[in-house]
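> Quick one: structure below, then a few questions.
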Amino acid sequence: MKFKLSSLALLTVLSFVSLNLHAHKEQATDFDMLLSEIVRSKPKIYKALDTTFSNFINDSIRMKMLAQKSSAINYAEGESFALNALGVIYRNISLYENAIEMHKKANELAVEASNVELRIVSLNNIGVAYRRMDLVKPALDYHTKALDIASSIDKPSNEIKYNIAVSQNSMGNIYLVLEQYELAMRQFEKSLVIEKEEGNRLGLAINYQNIGFAFEAQGELENALRNYKRSLDFNNQIDSNIGRVICYNSIGKVYIKQKKYDDAKTIIEEALEKALQIGDQFYIASSYINLGWVQKCLGTNEISETNLKKGLEIAQNYSLKSSIVEANKLLSELYEITNKPLQALNTYKAAIALEKTISNDRNLRYVNDVIIQYENEAKNKQIKALASENELVKSRLERNKKLFWYSMLALAVIGAIIVALYRNRQLQQEKQILTLEQDMLRSQMNPHFIFNSLNSIKLYIINNEKENAVYYLNKFSKLIRKILVASTEKEISLEDELETMKLYMNIENIRFSNAIRFEVNVDDTINTASIKVPSMILQPFLENALWHGLSSKKEDDKKIVLDVYKTSDDYVTISIEDNGIGRKLSAKINKDKLLKRKSVGIDITKARLANFSKGYANDYKITIEDLYSENNVPKGTKVIVDIPIKSIALQSA
């Protein structure tokens, strides 16, 4: 359609063009001034160069000018900085070979200038480019080298700290490709600590994005979505379009897996629009593939195939292996749906063949070697430091060898004494545990209990009550067997412990003419089979309830109630309540007896619980409550035992 501009509109356009030309001219003047100043002062510190040219870092023309000017005056630092900037520009438009070439030249210049910061930056950038090409080994090699150099510096600058985080983050990404999710998360967490300390919002955005990916790969979609949204928030704060593209794609993929297809389609289309504006082929390919995926799920198969093929073509043109694998797998699924079995098979085979080149056994072995290297890195550094220190000590003590050897002898003796004391302490502890177990067995295999139980069974036989005799004899033999088995076990399940206590109460109840009602109530939320407790830990409390609470009670209503419940995630609580005569009256009766019944079971139980609690995050608790009626008359005793269930290892994890 043809039209004419009004004089006012024409004036507005001319003014806008004039302002832009003026701004560009001013910017060019600013750059020229900065370039002249840098060429004159030739700063060696990376931060000085980065701060000076931060507004021009994405301008390839000006970075080429900086490289050429620096080269002309043999200013290696300036040329290295400019080449790294150009490499990042190439990488962001998926020209990875060009990017690697720039970064390698930058590294050579950094070596020539003996500039550690620029070396680390260059090596990390090479690693990132190789990682984007899914070339695992060279990517790991360069990041490892960068991390080695950075970690060897005693007082690293902020730039070096940042690059340590970059190395760890990139290595985490490589572990993600190889499906080593736990190792990846470990690297991201290390990187995240540095980024938080430095307040680097870009680094935080990247790490939360990667942590989200690790959660998604393990099927934890809600955790993944939470981390993706956290990453998006940081990307919005720094106004990063490429960060938004990454987050939109990731959130869209989670929505697809959650079957929120319309939401997924909307956000992925937004990702594609921004990716096309940026021109980064890596993310353009990803966006087309994800859009094809959600369209397949929505049943729009024709447009889905078109977009998947677009993504595949871009990925193939730029050697983006992971994207090629993903596109082929989705096309295979689409062809299967649309009844094209041969095409489905061929695309699936192509995906699997390429995938094997990324995560093959050789690559995994290589990764394992790197892991071992880093697990031993701290030890190796300590050994080197000690060796260096030892050399210094030798040179200083050369004039007085006798004193040196006396010192060594003294240290050896002290070391031997410490080892001996430590071993002795261990033996004492083991002896204490063994003694406790023996005391526990003796207390449970009490001769009076066995004798009285057998007498009671004998009485049934004498009275010709065969069924009762057989019933209780079976119960008694089963109880003895459980006690003997429990004496060899430090821990048993709470389920077994409760079953043993029921047997014990059955036998003891014979002497009370079965007048005692014993109830066991377990909360429905508690899995007694999975909770571990010391063996026979409840028996002394039940014995006390019987012989100190109920044996002297004259009324017929005698009851013991054992409840198992939880008031905290850290403990399982067991309460034993009797309606006996109470502790005060029991103590008075026991004092007046000529033959006193001495109970050491509670003391042994406390010692065993204390030893058991050492392996848990919390200590045990025992509370004894005296129960009273409304008229302040004793009506029984309640013992509450809190046994820890959350181990130290679980707590630290």
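> Rounded to the nearest angstrom and ordered from largest down, what semi-axes does the equivalent ellipsoid of the range 82-170 get from its C-alpha gyration tensor (root of 5λ)?
20, 15, 10
> Would you kindly derive the ³J(HN,Hα) couplings of the range 470-477 from the backbone phi angles with the Karplus curve 6.51 cos²θ - 1.76 cosθ + 1.60 (θ = phi - 60°), listing them in order in whole Hz, with x for Gly and Pro?
Coupling constants for the range 470-477: 5, 4, 6, 5, 4, 4, 5, 5 Hz.
> Can you spot the lysines whose alpha carbon is less than 25 Å from residue 47's alpha carbon? Ignore those fewer than 8 places along the same chain.
Result set, ordered by chain and number: 64, 69, 104, 105, 145, 155, 161, 190, 196.
> Any chance you could get the radius of gyration and Dmax over the Cα atoms of the range 129-227, in Å?
In Å, with Rg to one decimal and Dmax whole: 13.4, 41.
> So, in nm, how far is label residue 221 from label residue 48 when the simple model puts each one 7 Å beyond its Cα toward the Cβ?
Rounded to a tenth, the inter-label distance reads 5.5 nm.
> Among the lysines, which fall within straight-line cross-link reach of residue 614, defined as a Cα-Cα distance under 28 Å, with same-chain neighbours fewer than 8 residues apart omitted?
431, 482, 490, 532, 566, 606, 638, 646
Every number here is computed from the coordinates shown, using simple stated rules; none is lab data. Note that the coordinates shown come from a computational prediction; the quantities given were computed from them, not determined experimentally. For neighbour counting, all protein chains shown are included, and Cβ atoms are generated from backbone atoms with ideal geometry for every residue, glycine included.
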